Every structure is written in C-alpha cells, then in structure tokens.
Amino acid sequence: MTTLLILGATGLVGARLLALALDDRRFERVTAPTRRPLTPSDRLVNPIVDFEQLPADARWWQADAVVCALGTTLAQAGSRDAFRRVDHDYVLTAAQHARRAGADTFVLNSSLGADPAAGSFYLRVKGEIEQDLRAVGFGSLTLVRPSLLDGGPRPDSRPGEAIGLVFARLLRPVLPRRVRAVSTERVARAMLQAALAAPAGVQVIESERLHD
C-alpha cells in the first residue's frame, strides 16, 4: 500500500490524478493540499493551504510518493515573476518539505521541450524546476513531458491553448507522435504508475511514450 501526496489537484491533470488515485485501493491515503476545499472522499486528506506560506512541519507532508501537476500560464500569472513563483518556487518548496518528511519518490508533470537553456521562458522555467528537483535527493524522480494536453474543458480559461488544441486534433494524422496532443488520462495514469513503481534514479517520459 502506498500513501500519495498530490500537488495541483484542482487542475486538468491534477483532477484526473485525484480521481484515479481515490479509485485505486493501492493508495492507502491520498493527501491533496489545495486553496479551496475538495469534495470529501474516503481516504482523502485535504489541507487548505496558502502556497505562498506552506507549513514546513505539517504532518500531512508524510507520504511514500508525490505527484505534482501544479502550474499556471503566463497570462493567468500576470507576469514572468509570478509565473516562475508558481511553476518553479511553489513546486520546489513543496518537494523539499515532502523530502524532509520522508517522501522518496517524486513525479512531475513537466512539458515537451523543457530545458534550462531554452529560448522560451516557459520551457526554460520547466527545465529549471526539473534541474532543481534532481538536487533535492529523491531516490526516484520521474519527469513526464507531455505535448499539448487534451482533456476536455479546463477549470480555468486558456484560449490560446484551446485554439492550439483544435488545430492539433485536425492535424493529428500527419503530426509526428512527439508533438501530438496527449490525453490527460494518459498523463495521469503514467504519473501514478511511476509513483507506484518508484524506479530508482531519474526517469524521463517523453510525449511520444504517452500515446496509445
């Protein structure tokens, strides 16, 4: 049996992670810290938190594995600094707290093209958090790098992504597997499988491996 901590449980991938984990009895306890209360469920621990001031010594950090789908967009964040705070700083702080509490497995929903030397600010931040997570000291670190996510309407508005998804669906037959849109279901299942398997060292799951 595995105890699981989900970061970003209210987003598109995070919501699937939560639903799948709560439906899987291999997870003895599922902890999902969020800003707003989630629907109560058997085996769910739902601390209400401010990600700007995460409590370092909370007992609920204790988990066998952490799956992280925490993230925003530049448009939603309002500035590069605010975006980096969410996609890098929040993630790194939470990872450090969980590691100190004993978590040895961490799975991150990153992005296709993540690279600390990327020309794109978005991909550079994704690459930086991947790089910094390697230094936290997890025995098992899995970096999942999906292309554009296809999972139905988002709980937040992302018009640019929605337009891109329309074209991605139309062009799917001629697009290389690496850049095809990926279902959130596949991403969530791959992340949970990595959490359960806990492969030693650093594993990278590129987008082409997330297709049927």
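The values are calculated or read from the model by the stated rules, or taken from the named source; none is laboratory data. Keep in mind it's a predicted model, so treat the numbers as computed, not measured. Using ideal geometry, Cβ is built from the backbone for each residue, glycine included, and neighbour counts are taken over all protein chains shown. Remember, those area values only see protein heavy atoms, side chains included, never the ligands or the DNA or RNA. Shrake-Rupley method; radii C 1.70, N 1.55, O 1.52, S 1.80 Å.
So H97 ticks every box in (1) on the phi > 0 side of the Ramachandran plot; (2) over 16 Å from the mean Cα position of the chain (by Cα) but one. Which box is left unticked?
(1)
Taking the stretch 2-49 on its own, how many of its residues are outside any loop (DSSP other than H, G, I, E, B) and charged (D, E, K, R)?
The qualifying residues number 3.
Report whether or not D42 is surrounded by 13 or more Cβ atoms within 10 Å (Cβ to Cβ) and over 26 Å from Q131 (Cβ atoms).
When the stated conditions are applied, D42 does not pass them.
Taking the criterion of being surrounded by 22 or more Cβ atoms within 10 Å (Cβ to Cβ), of a type outside the set (V, I, T) and farther than 13 Å from A195 by Cα, would at least one residue in the stretch 23-31 satisfy it?
Within the stretch 23-31 (the criterion being surrounded by 22 or more Cβ atoms within 10 Å (Cβ to Cβ), of a type outside the set (V, I, T) and farther than 13 Å from A195 by Cα), the answer is no, since none of the residues qualifies.
Can you name every residue in the stretch 118-151 that is modelled with pLDDT under 95 and closer than 16 Å to C68 by Cβ?
Residue satisfying the conditions is L149 alone.
Can you confirm whether A63 is under 18 Å from the mean Cα position of the chain (by Cα) and more than 26 Å from L149 (Cα to Cα)?
In short, yes.
If you go through the stretch 104-119 one residue at a time, how many are hydrophobic (A, V, I, L, M, F, W, C), touching a residue at least 60 places away in the same chain (Cβ under 8 Å) and surrounded by fewer than 24 Cβ atoms within 10 Å (Cβ to Cβ)?
Total satisfying the criteria: 1.
Which of the residues that make up the stretch 48-67 are more than 21 Å from L192 (Cα to Cα) and surrounded by fewer than 18 Cβ atoms within 10 Å (Cβ to Cβ)?
Correct list: I48, V49, D50, E52, Q53, L54, P55, A56, D57, A58, R59.
Run down R100, R85 and say which single residue is open to solvent by 50 Å² or more (accessible area, probe 1.4 Å), within 21 Å of G127 (Cα to Cα) and either out of contact with any strand residue (DSSP E or B) (no Cβ under 9 Å at 6 or more places or on another chain) or in contact (Cβ under 8 Å) with a residue 24 or more places away in the chain (or both).
Just a single option satisfies the conditions, and that option is R85.
Name the residue that is nearest to P199 (Cα to Cα), counting only residues in the stretch 124-139 that are of a type outside the set (D, E, K, R) and surrounded by fewer than 19 Cβ atoms within 10 Å (Cβ to Cβ).
The qualifying residue nearest to P199 (Cα to Cα) is G139.
Would you call T10 open to solvent by 10 Å² or more (accessible area, probe 1.4 Å), within 27 Å of A197 (Cα to Cα) and of a type outside the set (G, A, S)?
Spelling it out, T10 is indeed open to solvent by 10 Å² or more (accessible area, probe 1.4 Å), within 27 Å of A197 (Cα to Cα) and of a type outside the set (G, A, S).
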